[in-house]
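Note sheet for the following structure.
The values are calculated or read from the model by the stated rules, or taken from the named source; none is laboratory data. Keep in mind that what you see is a predicted model, and the values were worked out from it rather than measured. Neighbour counts are summed over all protein chains in view; Cβ atoms, including those assigned to glycine, are modelled from backbone coordinates with ideal geometry. Please note that ligands, DNA and RNA were not included when accessible areas were found on the heavy atoms of the full protein model with its side chains. Shrake-Rupley method; radii C 1.70, N 1.55, O 1.52, S 1.80 Å.
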Amino acid sequence: MNPHIEYLLRLGDSSLVLGQRLAEWTGHGPVLEEDIALTNIALDLVGQARLLLTHAGRLEGAGRDEDALAYFRDTAEFRNFTLCELPNSGIERGRAHGACYGFTVVRNLLFFAWQAQCWGALTDSADRDLAAIAAKSAKETAYHLRHAADWVVRLGDGTADSHARCQRALDQLMPYCNELFAADALEEDLAARGIGVRGADLKAGWDAQVRAVLEEATLTLPAACAFTSAGRRGQHSEHFEYLLAEMQSLARAHPGAQW
Amino acid sequence: MERKEWPLWEVFIRSKQGLDHRHVGSLHAVDAKQAVQMARDVYTRRMEGVSIWVVPSEAITASDPDDKAEMFDPMADKVYRHPTFYKLPKEVEHM
């Protein structure tokens, strides 16, 4: 696949898949106001995905539109970070957990802080369409990040129970952040051409932002580890196919349906 | 575990064209900062506004509905308080 298109899919799929995860909260939010807030954020993410996938489809020139890319690709063709696909319940085995709001807001903090850095850098992209999408998305992400940071501080520095849930989430999620910054040939190529940005160049800004919030939230960063997930190369976790099945079932049962 | 309701806030939104903040509804939030944030999500998602005020509902003192007769009814037959008996010169266009 053309690396430029693949790079757009990475960005678009990450927004789409996290949007789908957050949409799972619709109707199940802890309070009505949060239910609406999270649904708004999910819709913003799906909106970002629409722009990015449409742009990728046009560049490809094979007649695939946003729907074809979102609903008619299979697991290995998706290029999202693994971080975005992990279930809202957290990931340890052997113990049944329901969806955890702490896990949701900690993941949001980690990913939206990355997105904020990424959009900032991409507004100078040589791909003018991508630069425009980045400029539009940056405003949305600034709010998403504020929402996430606010909740991480409230819950992290809240009760013993809410603190423990957020710490558990952070311990489980931090290893998946390695993928956001790990060196990668495709990213290197796109950065050299002025289209994309190296994850490594986003690390310092991300670190500063995340650490400041975690400190206020009285949460402790787990020790660094070498594990690096590979969702952006199409190697996904065991959770991903379930998400995809739910997301794609309607479009596949009724191809071309409109409402 | 003790379970408390979050306090109630009244939300006022100023639209792009409007000069005044108008009451649009209420919501529950932990504090004022969160109330503004939630008001943004609940009441401005269709571009309704450019400015938000939130006020703790408990800070509002309301008139008693049972006092309606003495409070408001006396005004019903005092049409002369409306400035509708003047002839306006044509030159005054927007009154």
Out of B:Met38, B:Met47, B:Met71, a Gaussian network model of chain B with alpha-carbon springs under 10 Å gives the largest mean-square fluctuation to B:Met71
If R0 = 30 Å, then A:Thr220 and A:Ala121, at their Cβ-Cβ distance, give a FRET efficiency to the nearest 0.05 of 0.55
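May I ask you to compute the full-extension gain from A:Trp259 to A:Ser89, defined as 0.36 nm times their residue separation minus their alpha-carbon distance, rounded to one decimal in nm? The partial results should precede the final answer.
On the way: separation 170, 0.36 × 170 = 61.20 nm, distance 3.16 nm.
Value of the extension gain: 58.0 nm.
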Computed over chain B: longest principal axis from alpha-carbon atoms vs helix B:32-43 long axis, angle to nearest 10 degrees, is 70
The rounded separation in angstrom of the Cα centers of the stretch B:1-77 and the stretch A:194-210 is 41
Per the 1/(1 + (r/R0)^6) rule, R0 = 22 Å and r from the Cβ atoms of B:Leu8 and B:Arg45, FRET efficiency to 0.05 is 0.60
For A:His4, A:His163, B:His23, the accessible-area ranking with a 1.4 Å probe, largest leading, is B:His23, A:His163, A:His4
Distance in Å, no decimals, from the C-alpha centre of the stretch A:97-150 to the one of the stretch A:211-259 is 14
Violations at 27 Å Cα threshold for listed pairs A:Lys139/B:Lys16; B:Lys33/B:Lys68; A:Lys136/B:Lys33; B:Lys16/B:Lys90; A:Lys136/A:Lys203 -> B:Lys33/B:Lys68; B:Lys16/B:Lys90
Note: probe point = Cα of B:Val36 + 7 Å toward Cβ; backbone nitrogen < 20 Å; residues of the stretch A:200-240 passing the test are A:213
Summing +1 per Lys or Arg and -1 per Asp or Glu among the other residues with Cβ less than 15 Å from B:Ala62's Cβ gives -4
Stokes-Einstein D for the protein assembly as shown (37 °C, 0.692 mPa s, Kirkwood Rh from Cα pairs), in µm²/s, comes to 143
Between B:Leu19 and A:Arg58, the FRET efficiency computed from the C-beta separation at R0 = 56 Å comes out, to the nearest 0.05, as 0.80
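Buried accessible area between B and A (1.4 Å probe, both chains summed, ligands and nucleic acids excluded), in Å² to the nearest 100? Can you show the working numbers first?
Details: alone 8760 and 11820 Å², together 19300 Å².
Heavy-atom accessible area buried at this interface is about 1300 Å².
Measure off, as a whole percent, the carbon and sulfur share of the 1.4 Å-probe accessible area of chain A, all protein chains present. Please list the in-between numbers first.
Working: 6050 of 11160 Å².
Here carbon and sulfur together make up 54 percent of the probe-accessible area.
Could you put B:Glu91, A:Glu140, A:Glu179, A:Glu241 in order of accessible surface area, largest first, with the 1.4 Å probe and the full protein assembly present?
Heavy-atom accessible area, descending, gives B:Glu91, A:Glu241, A:Glu140, A:Glu179.
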GNM on chain B, Cα springs under 10 Å; top mean-square fluctuation among B:Lys33, B:Lys68, B:Lys16 goes to B:Lys68
Computed over chain A: longest principal axis from alpha-carbon atoms vs helix A:203-216 long axis, angle to nearest 10 degrees, is 30
Candidates B:Asp77, B:Asp31, B:Asp20; GNM for chain B (alpha-carbon contacts under 10 Å) flags as most fluctuating B:Asp77
SASA check, A:Glu215, accessible area w/ 1.4 Å probe, all protein chains in place, rounded to nearest 10 Å², comes out at 150
Counting only protein heavy atoms and rolling a 1.4 Å probe, one gets per residue an accessible area for the protein assembly as shown in Å² of 55
Placing each pseudo-label 7 Å from Cα in the direction of the beta carbon, A:Leu43 and A:Ala135 end up separated by a distance in nanometres of 2.5
Here the residues of the stretch A:148-186 whose accessible area is at least 30 Å² smaller with all protein chains than in the chain alone (probe 1.4 Å) are A:Asp150, A:Trp151, A:Arg154
Buried by partner chains in the stretch B:18-61 (accessible area down by at least 40 Å² vs chain alone, 1.4 Å probe, heavy atoms, protein only) are B:Gln34, B:Gln37, B:Met38, B:Arg40, B:Asp41, B:Val42, B:Arg45
Simple SL model, points at 7 angstrom along Cα→Cβ for B:Asp66 and B:Lys90; separation in nm is 5.8
Measuring from the longest principal axis of the C-alpha atoms of chain A, the long axis of helix A:240-253 (C-alpha) lies at a number of degrees, nearest 10, equal to 50
